[in-house]
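The values are calculated or read from the model by the stated rules, or taken from the named source; none is laboratory data. Just so you know, these numbers come straight off a predicted model, no measurement behind them. Neighbour counts run over all protein chains shown; Cβ positions are idealised from the backbone, glycine included. Ligands, DNA and RNA are stripped out before the accessible areas are found, and what is left, the full protein with its side chains, is counted by its heavy atoms. Shrake-Rupley method; radii C 1.70, N 1.55, O 1.52, S 1.80 Å.
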Amino acid sequence: MEDLGANVVAASSGDEALRLLLERDFALILLDVQMPGMDGYETATLIRMRERTRHIPIIFITAFNRSEVNVSRGYELGAVDYLFKPIVPEVLRTKVGVFLELHRKKEEVRRQAELLRQAETREHERQLAEARAHYERSLLQQEMERERKVSEALEQRAQELARLVQEKEQAQSALHESNARLRLLADTASRLLKGTDGRPLLDSVHQHISEHLGLEVCLGYLSREGNGPLELTAHSGISPTMRERLERLEPGQGVAGKVATEQRRWVLDAGAAANGPAPDAAPELGLAALACYPLISQGRVLGTLAFGTRTMRTFTEDELSLMQGVCDQVAVAMERERLIGALREADRRKDEFLAMLAHELRNPLAPVRSALEVFRMRMKQDDVLQRTIASADRQVAHMTRLVDDLLDVSRITRGKVELKPVSVTLTDLVEGAVQACEPIISQRHHELSVSLPSETVMLNVDPTRMTQVVANLLHNAAKYTPSGGRIHLNAERQGNELVLSVRDNGIGLRPDMLHRVFDLFVQVDPGSDRAQGGLGLGLTLVRRLVEMHGGHVSARSEGLSKGSEFTVRLPLPAGPAPALAIPHMVKAAAATAHKLQPLHILLVEDNPDIRETLRDLLELHGHRVEEASDGRSAVALVLSQRPQVALVDIGLPELDGYKVAELVRASAGGSDTRLVALTGYGHPEDRKRALEAGFDAHLVKPVSSDDLSQVLKKLCTAA
């Protein structure tokens, strides 16, 4: 094939062929069916999955005869032909030459199209140059004409001096009036833009324009339903009796109803007749001049504004324009108010939806987690079931993490996350983060190395949130690094900053993703991310939390398949402070905790799946469990049976969990029972409300066996 004029590139395996296809474009692929590793069919499948190589012609080469090879499979994968070994040179050259010629013609068509585009561009530039030249000539002619007129004006100036002197005072008066109107428009616009509610400002607008134009009556109507009735919202210059008569107008009734229906201004004064029959409102109000304007925004009538006087007069065009301008400003302010209200309502509904979503997602996870705990305890001897249970447990934990991340992003965006900084060592934070990510790192067989300063580094941060930052970076590196990869966490002091970086040899980042990767719901590779699981929230949380601590986070990568590095810079505290060693405190507390003895527990849950699985789990731990499915029976059982602990769901029928806690705490017989709230709502305000209602602890579904045991130990150490 050397003299066919083509550049022939050879590959010895499917993997090498795919790598070459990533680097350059080809006109034809000659693909052997039988190859080491991936065979030709598998290689062709991967080629067809990529948009850039999907349409490259493939000719399969095989030593099998036609009856042995799966010809139909090759054609299903988009093959254009088969060549059977031994290959006939003339056949090979002919078929390759056809596809080379087809490729060259395609390239020639593309080149001709580019030449045509360039020619069209040059023609466009030529036409533009001609138009510019014509425009410049026109400007020159206009300038010459202006010069001629100026010359003529100079000749007549001597004759006009007397007239100009007479008109000077009139011009000054008009200028003063124009400035006053401009100030009125500017002041009105400022008031409407600064006001939180446009409707109360209508009275102020009426007062300003009435004083400026010498008007006596102003009426402002608003429509709450678009084409519905008009309601009198602002008024001046009318009696209480008249106000009651004009308080509500139907479409087409009176001046305001007519203007709202026709969507055009209506003017009655001494100099012009009304546009159509005079509505009833003008004679009733005793007005000699009246101007009424519709308030229109986005093609929708919001209401009307009317200005009038009982003294006969003619409105000038400037006065009508001024009133029109004020009405336009009021309409814009009203529309802005409506949009702001709609945004606030949408934001409120979004928050309610996220809270409900978390609750509804956590509820079905609760019986699944409890059931897995029961299986684990009952099936200790069965390795296959243990592996299956461990896999399901990891997925439940992953679902819980997704829900928590979604709520964290929402709360941080709304400014509802309050940091609680304390003095903590860097070592403790890193240990907590590594422990949190150990399961996924082990599962994917990664090699994790950690390099920390030899001296103790103190940070003044919220330990929970900063541990979440480091854990999210490690989790992200583990997820986007192929199995058996390397992850390195490094931290060092640089001046007054701590620089912490997480580097991996994973899939890497494109240059355009280095800044976007921290945006909400942005994923590096959506297809890959769906395979791994995730919503594109982890790095958004990292950036928000780091910035809340006064720091900065950045991403670096040399390109795809070359790994990536995320760097966090945090300010170091000015002076030394005692450390709060979080992991060490937890270990010490666990070492000194009393062993939990069997307890008498009341389980209050209306969901039978959650109730039954949690009951089985508690009984496997040796506890005596009683059940209730509603709030009233729960209160009765607490007061009659005196259980040591009551696990109470918040969302109960009839009486919710808060009311149950209040009734139990209000009775002398319920003072000894420890109350634990079980809920799908995990916001700090939910926890605060539960404690204020009388609960001793607050657990968020799905509750793990370890978390439940820790709470029971804490509340019943004397049991």
- So which chymotrypsin sites (Phe, Trp or Tyr not before Pro) in the range 32-96 pass both tests, a DSSP loop state and at most 15 other Cβ atoms within 10 Å of the Cβ? Phe64
- Item | the range 16-128 - Kirkwood radius from inverse mean 1/r over Cα pairs (Å) | 16.2 Å
- Applying the gyration tensor rule to the Cα atoms of the range 591-719 (axes a ≥ b ≥ c; rounded if a/c under 1.5, else prolate if a/b exceeds b/c, else oblate), the class is rounded
- With label points built 7 Å along Cα→Cβ from the Cα atoms of Glu662 and Asp15, find their separation and express it in nm. 6.8 nm
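For the peptides 286-293, 489-496, what is the packing order when you average, over each peptide's residues, the other Cβ atoms within 10 Å and list the highest mean first? Before the final figure, lay out each step's value.
Values: 286-293: 21.8, 489-496: 13.8.
So the order, starting with the most tightly packed, is 286-293, 489-496.
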- Would you pull out the residues with amide H under 5 Å of Ser297's amide H, same chain only if 5 or more places away, H placed 1.01 Å from N? Leu302
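Ranked highest first by the average count of other Cβ atoms within 10 Å around their residues, in what order do 471-481, 500-510 fall? Write out the running numbers ahead of the final one.
Working: 471-481: 23.3, 500-510: 21.1.
Descending packing order for the listed peptides: 471-481, 500-510.
Take the alpha-carbon positions of the range 1-74, form their convex hull, and give its projected area averaged over all directions (one quarter of the hull surface) in nm². Please report the intermediate quantities before stating the final value.
Numbers: hull surface 21.6 nm².
Over every viewing direction, the Cα hull of the range 1-74 projects on average to 5.4 nm².
Can you tell me the FRET efficiency between His55 and Leu514 if r is taken as the Cβ-Cβ distance and R0 is 35 Å, rounded to the nearest 0.05? Kindly include the intermediate steps, with their values, before the conclusion.
Values: r = 31 Å, r/R0 = 0.89.
It comes out at approximately 0.65.
Can you give me the accessible area per residue for the range 294-346, using a 1.4 Å probe, in Å²? Spell out each step's value before the answer.
Values: 2460 Å² over 53 residues.
For the range 294-346, the solvent-accessible area averages 46 Å² per residue.
Find how much the distance from Leu339 to Arg569 grows on full extension, using 0.36 nm per residue of separation minus their present alpha carbon separation; answer in nm with one decimal. Could the numbers behind the result be given before it?
Numbers: separation 230, 0.36 × 230 = 82.80 nm, distance 3.94 nm.
Contour length minus the Cα-Cα distance gives 78.9 nm.
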- Query: If the chain between Ser454 and Gln435 were fully stretched, how many nm would it gain, using 0.36 nm times the residue separation less the Cα-Cα distance?
  - Reply: 4.8 nm
- Note on the structure: Amide H contacts under 5 Å for Leu83, restricted to residues at least 5 apart in sequence or on another chain and with H modeled in the peptide plane, are Phe60, Ile61, Thr62
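Rounded if a/c is under 1.5, else prolate if a/b beats b/c, else oblate: with a ≥ b ≥ c from the C-alpha gyration tensor eigenvalues square-rooted, which is the range 84-167? Present the calculation step by step, with values, prior to reporting the outcome.
Values: a/c = 19.67, a/b = 7.68, b/c = 2.56.
Note, shape of the range 84-167 comes out prolate.
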- Task: Just list whichever of Lys479/Lys688; Lys479/Lys714; Lys420/Lys479; Lys688/Lys713; Lys106/Lys562; Lys659/Lys701 have alpha carbons separated by over 28 Å in the model shown.
- Result: Lys479/Lys688; Lys479/Lys714; Lys420/Lys479; Lys106/Lys562
- Message: Between the range 55-99 and the range 237-268, what is the separation of their alpha carbon centroids in Å?
- Response: 84 Å
- Query: Whole-Hz Karplus ³J(HN,Hα) for the range 662-672, in order, using 6.51 cos²θ - 1.76 cosθ + 1.60 and θ = phi - 60°, x for Gly and Pro?
  - Reply: 5, 5, 5, 5, 6, 9, 5, x, x, 6, 8
- If R0 is 41 Å, what FRET efficiency do you get for Glu145 and Thr316 from their C-beta distance, rounded to 0.05? 0.80
- Task: May I ask you to derive the FRET efficiency for Glu685 and Ser483 from their Cβ-Cβ distance with R0 = 30 Å, giving the value to the nearest 0.05?
- Result: 0.10
